[in-house]
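The values are calculated or read from the model by the stated rules, or taken from the named source; none is laboratory data. Predicted model, so just to flag it, every value in this text is computed and none were measured. Backbone-built Cβ (ideal geometry, glycine too); neighbour counts: all protein chains shown. Ligands, DNA and RNA are stripped out before the accessible areas are found, and what is left, the full protein with its side chains, is counted by its heavy atoms. Shrake-Rupley method; radii C 1.70, N 1.55, O 1.52, S 1.80 Å.
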Amino acid sequence: KSFFRRLLITQLYKLALIPRNKKVIFQNYDDFNEINKFIKIPLSKCTFIKGSGVDLNLFKPSIKGKKEIIVLFAARLLKSKGIYDFINIAKNLNNHARFVVVGDFDHGNRDCIDPEDFNRFVNNNVVEYWGFSNKMHLVLEKVSIVVLPSVREGMPKILLEAAACGKAIVTCDVPGCRDAILNNRTGFLVPLNNLNCLQKAIESLIKNKKLRDEFGKEGRILAIQEFDINIVVRKHMEIYDKNNIFLS
């Protein structure tokens, strides 16, 4: 079933990318390389824009001092997002920090974590569950570290928002995630499926406030330079103008 779905999607991409006057926007270079395996697109026809942008006036560093360390996982509660890795590390480190999950169950997705299984960890005080939130700027105000051990992303918005809020980040060296941070400057990139490296990275940030602050400051600078929604909108409008696309 997976093979035929991929075959169908591949053919649809080929059909969509036939026009000569096309302009294709990619959020990361891995997606560009993947698409070019079955249809060659000249670089002159491509633009790379990192995500949908972040409102830097809304997502900004908190001026409130935090007494306790909160480590956040914010995503749909899918196995491929790394929720079980986060839980397993919380088992080992929750005496040193609070481990919080924010996100919703995607019940129609076979990759969704079993709610009963997840609630067992919550009831046993391994992690806290704050539910779904559409006000992530308020959530990020309270946390110290953001963790996303996902297997693959396009451009994970939570990491862009975390950088804008001056939060240290730990994520996996995979497409999308690696494009959202500067390794050893705004956060740590760790190998995929390496629980030991992931735990060491999180633990080092829990124990080192100076390092958290340094990563946070660099993250805010990166967000201003690359993730600002005004920059993203301007880049899109430039594409429309150059290709004579008029929106009413």
Which three extents, in angstrom, do the Cα atoms of the range 148-205 have along their principal axes, listed largest first?
27, 22, 14
The range 49-196, accessible surface, carbon-and-sulfur percent (1.4 angstrom probe)
45 percent
Using a cut-off of 16 Å between alpha-carbon atoms, which lysines can reach Lys200, once sequence neighbours fewer than 8 places away in the same chain are excluded?
Lys91, Lys209
So if each residue of separation counts as 0.36 nm, and I subtract the Cα-Cα distance between Asp114 and Phe32, what length gain in nm does that give?
26.1 nm
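Using heavy-atom solvent-accessible surface (probe 1.4 Å) with all chains present, what is the largest-first order of Asp111, Asp104? Don't jump to the answer; show the numbers that get you there.
Working: Asp111 40, Asp104 75 Å².
Solvent-accessible surface, decreasing: Asp104, Asp111.
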Extend 7 Å from the Cα of Leu93 along its Cα-to-C-beta direction; within the range 168-192, residues with backbone N under 19 Å of that point are 168-174, 177-178, 181-192
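Could you give the accessible area per residue of the chain, probe 1.4 Å, as a whole number in Å²?
Working: 13870 Å² over 248 residues.
In whole numbers, the chain has 56 Å² accessible per residue.
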Highest-fluctuation residue, Asp106, Asp213, Asp85 considered, GNM on the chain with Cα pairs under 10 Å
Asp106
Check cross-link reach from Lys242 to the lysines: straight Cα distance under 23 Å, and skip same-chain residues fewer than eight apart.
Lys22, Lys23, Lys40, Lys45, Lys50
Normalise the Cα radius of gyration of the range 148-248 by 2.2 N^0.38 Å (N = residues in it) and let me know the number.
1.26
Quick note, the range 2-85: a/c under 1.5 would make it rounded; otherwise a/b > b/c is prolate and the rest oblate (a ≥ b ≥ c, C-alpha gyration tensor); here it is oblate
How fast does the range 3-48 diffuse by Stokes-Einstein, in µm²/s, taking the Kirkwood radius from C-alpha pairs at 20 °C and 1.002 mPa s?
193 µm²/s
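What FRET efficiency do you get for Lys79 and Ile239 if R0 is 35 Å and r is their Cβ-Cβ distance, rounded to the nearest 0.05? Mind dumping the intermediate values first?
Values: r = 36 Å, r/R0 = 1.03.
Calculated transfer efficiency: 0.45.
With n ≥ 4 as the cut-off for DSSP H runs, can you work out [θ] at 222 nm for the chain, using -39500 (n - 2.57) per run divided by the number of residues, rounded to the nearest 500? Walk me through the numbers before you get to the answer.
Numbers: 9 runs with 98 residues, N = 248.
Taking each H run of at least 4 residues, the total per residue is -12000 deg cm²/dmol.
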Taking the range 99-180 as the region of interest, what is the percent of Cα-Cα pairs per 10 angstrom bin, listed from the shortest bin to the one with the maximum distance?
16, 43, 37, 4
GNM top mover of Leu72, Leu192, Leu160 - the chain, alpha-carbon springs below 10 Å
Leu192
Checked against the structure, the computed semi-axes √(5λ) of the Cα gyration tensor in Å among [x] 44, 30, 15; [y] 29, 21, 17; [z] 33, 23, 16 is the one labelled [z]
Give me the angle, in degrees from 0 to 90, between the Cα long axis of helix 195-207 and the longest principal axis of the Cα atoms of the chain, rounded to the nearest 10.
60 degrees
Go ahead and collect, in residue order, the members of the range 172-196 whose backbone nitrogen is under 19 Å from a label point 7 Å along the Cα-Cβ direction of Leu17.
175-176
Placing one identical point scatterer on every Cα of the range 46-162 and ignoring solvent, what is log10 I(q)/I(0) from the Debye formula at q = 0.22, 0.23 Å⁻¹?
-1.35, -1.43
